Amino acid sequence: MNFYSKIIVFWLLSHLAFATEKTPIRIGVQTTGTVAWELAVLQTLETDFDVVIKEIANPDAGKAALQSDDVDVIVSDWLWVARQRANGSDVTFYPYSTTSGALVVPKDSPIHSIKDLLGKRLGIAGGELDKNWLLLQTLGKQKNVDLSASVDKVIGSPVSLNEKIRQNQLDAVLTYWHFAARLQAEGYRQIIDGKGMLKALGISENEPTLGYVFKQSWARANKTAVNHFLSANLQAKKQLCTSDAAWKQVLPLTGAENPASQNNLRQQYCAGNISHWGGHEQQTIEETYTLLRRLSDHKLTGPSENLPDGTFWTVD
């Protein structure tokens, strides 16, 4: 091979390597979360990015990993993003799901309304400043019930709370949607969910509760890959909801062992798909932000009176 032939071969190989090089996207994922379902499908698609899964123990660990640049993307709520931006961070949010948590009780429980929680043992996932817990307290106040002072609160992880209510150590749980769905498949009853609470408080529009969260500076530097990732994520969601083969592929990740639980998880998961995202939905979130700011005396939202600019990532 002469000199010029070597040059041509080198040029072809270098450009082929450049063409096939993919942008890595490091995602913090909980093994008990629904993100792993989508990523399993997404990784079967042809993309110009590489998904690098980093296991995280819980939501707080994911937030810490994002802030320390150990991961590029996590799934969290827009309220945390708004609070971080108000404190100077550049994290931003793109919607992932509208599905919300729920208040669940045993099938034969005497609890049929919020008033019936008085004196009962209530498990709360997410802690004292959990959004749904604040909304539930507000609904209680409308009925002259101070839930914070009149229930026996048990703060814990969703997994531990589900086990406690199964063992009759709790009378009710306020937990994340997929843990509530598992209980409902076992015969437990839902009293109200996050959407129902917002509707009762005058906010009737469906709004995203969770989203992909990442730093704006990182997203701008990798804009094409980020937007392609978000688009591919929508494709993966659609496959899980329309293809039985795709759903069967992720069944082992759901941890659901019986058809009733599997079907309930799939139904509620698909019900949370984002059908539209724009100014109208963002205005609804602004209304919710204002409500939660007042309810928590700024503790949940931070110092900003309004949603900080840049809270939402725009695909263009």
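The values are calculated or read from the model by the stated rules, or taken from the named source; none is laboratory data. All of these numbers come straight from a predicted model, not from anything done at the bench. Cβ placement follows ideal geometry from the backbone for every residue including glycine, while neighbour counts extend to all protein chains displayed.
Residues of region 93-146 that are β-branched (Val, Ile, Thr) and out of contact with any strand residue (DSSP E or B) (no Cβ under 7 Å at 6 or more places or on another chain): Thr98, Thr99, Ile114, Thr138, Val145. Looking at Val145, is it at pLDDT below 95, hydrophobic (A, V, I, L, M, F, W, C) and outside any helix (DSSP H, G or I)? Yes: the conditions hold for Val145.
Specify the residue that is farthest from Thr288 (Cα to Cα); the eligible residues are those in region 203-224 that are modelled with pLDDT of 95 or more and of a type in the set (A, V, I, L, M, F, W, C). In this case the residue turns out to be Ala221. The set of residues in region 288-316 being of a type in the set (Gly, Ala, Ser) and buried (at least 17 other Cβ atoms within 10 Å of the Cβ) consists of Ser296, Gly302, Ser304. Within region 227-249, is even one residue in a loop (DSSP other than H, G, I, E, B) and in contact (Cβ under 8 Å) with a residue 12 or more places away in the chain? No, region 227-249 has no match at all.
In region 36-54, the residues that are in the same structural domain as Ala225 (by TED's automatic domain parsing) and of a type in the set (A, V, I, L, M, F, W, C) form Cβ pairs under 8 Å with partners that are part of a loop (DSSP other than H, G, I, E, B) and surrounded by fewer than 17 Cβ atoms within 10 Å (Cβ to Cβ), at six or more places apart or across chains, as follows: Phe49/Lys22; Val51/Gln43. Here His178 passes the criteria (1) in contact with a Lys or Arg (Cβ under 9 Å, 6 or more places away or on another chain); (2) crowded, with 18+ Cβ neighbours inside 10 Å; (3) within 20 Å of Asn263 (Cα to Cα) except the one numbered (1).
If you check Leu139, Leu135 for being in a helix (DSSP H, G or I), more than 23 Å from Asp60 (Cβ to Cβ) and either at pLDDT below 90 or in contact with a helix residue (DSSP H, G or I) (Cβ under 7 Å, 6 or more places away or on another chain) (or both), only one passes: Leu139. Taking first residues from region 116-145 that are hydroxyl-bearing (Ser, Thr, Tyr) and partners that are in a helix (DSSP H, G or I) and modelled with pLDDT under 85, the Cβ contacts under 6 Å between residues at least 6 apart in sequence or on separate chains come to Thr138/Leu295.
Among the residues of region 112-126, the ones that are within 28 Å of the chain's Cα centre (by Cα) and either surrounded by fewer than 17 Cβ atoms within 10 Å (Cβ to Cβ) or modelled with pLDDT of 95 or more (or both) come to 7 in all.
Only a single criterion out of (1) touching a Leu at 6+ places or on another chain (Cβ under 7 Å); (2) crowded, with 17+ Cβ neighbours inside 10 Å; (3) within 29 Å of Asp72 (Cα to Cα) is not satisfied by Leu129, namely (2).
Conditions tested, residue by residue: (1) within 29 Å of Gln282 (Cα to Cα); (2) not in a loop (DSSP other than H, G, I, E, B).
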residue	(1), (2)
Ala149	no, yes
Lys164	no, yes
Leu170	no, no
Ala181	yes, yes
Glu205	yes, no
